[in-house]
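Worksheet for the structure shown next.
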Amino acid sequence: MAARFITLEGVEGSGKSTQLARLAASLHERGLSPLVTREPGGTPLGRALRDALLAPGADARARSPLTEALLMVADRHEHVARVIAPALAAGRIVLCDRHADSTLAYQGGGSGIALETLRSLNAIAVGATRPVLTLLFDLPVEAALARMAARAGQAGPAPDRFEAETVAFHERVRRAYLDLASAEPERIVVIDALRPADDVFADVRNRFDELLATTS
């Protein structure tokens, strides 16, 4: 099977990480061995940056959005060079939890950095390595926040830097994601994440099978 680079995106609480794990397990059952990775945090350097970028507190809130974007892009460049591109060259399927679109949605839509600036930075970071399919898990912010609150109520981890943002921030992020999907419908597939997890996964699996059928 030919190498394919697939990314999963969405607002906080959209369930994309759960769906990524289910997709990876499904591929293993089919005799495939996908590389499962994430941004930030897909390399040793990325894990250190992830700790810094997602840490809650006043220091994180005071950080310049551009500084945040530059750190995200630095992690992305390292990730592509050391992990994603070599895996694709070896013929593997790569499943990545967040990638370049997250920077456009969060630092662009959420924090207000010009998209042209972020696109230029992303282009330097990724070169010719681009996803052939992006699954965007979409749901209303109110529902996303309710999921995060329920998770916190079950003694889950404390909200990270982005989970703790304002409702208005999350609304801007969601709108930015949907705008990206409207601009690139051939790559970005919007999936209704408000449905039960099994229904969402059926959609994920069907989209993946469609990709295989059209790019074999």
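The values are calculated or read from the model by the stated rules, or taken from the named source; none is laboratory data. Quantities reported herein were computed from a predicted structural model and do not represent experimental measurements. Note that each Cβ is placed from the backbone with ideal geometry, even for glycine, and that neighbours are counted across all protein chains shown. All accessible areas refer to the heavy atoms of the entire protein, side chains included, with ligands and DNA or RNA removed. Shrake-Rupley method; radii C 1.70, N 1.55, O 1.52, S 1.80 Å.
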Subject >> Stretch gain in nm, segment ASP209-ARG82, where the contour uses 0.36 nm per residue and the Cα spacing is subtracted >> reply: 42.9 nm
Original post:
Between ALA197 and GLU116, how many nm apart are label points set 7 Å from Cα along the C-beta direction?
Top reply: 4.4
**OP:** Could you tell me whether the range 94-135 comes out rounded, prolate or oblate from its Cα gyration tensor? Rule is a ≥ b ≥ c as square roots of the eigenvalues, rounded for a/c under 1.5, then prolate if a/b exceeds b/c, otherwise oblate.
**Re:** oblate
**OP:** Please work out how much length the chain gains when fully extended from ARG151 to SER33, using 0.36 nm per residue of separation minus the C-alpha to C-alpha distance, in nm with one decimal.
**Re:** 39.4 nm
**OP:** Take each of the peptides 113-125, 165-177, average the number of other beta-carbon atoms within 10 Å over its residues, and list them starting from the highest.
**Re:** 165-177, 113-125
Original post:
Of the heavy-atom accessible surface of the chain (probe 1.4 angstrom), what whole percent is carbon and sulfur?
Top reply: 56
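Multiply the residue gap between ALA55 and SER26 by 0.36 nm, knock off their C-alpha separation, and tell me the result in nm, one decimal place.
7.2 nm
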Original post:
Per residue, what accessible area does the chain have, given a 1.4 Å probe and all protein chains present, in Å²?
Top reply: 46
Original post:
From the residues GLY91, ALA213, LEU180, which one has its Cα farthest along the dipole of the chain in the positive direction, the dipole being from +1 and -1 charges on Cβ of Lys/Arg and Asp/Glu about the Cα centre?
Top reply: GLY91
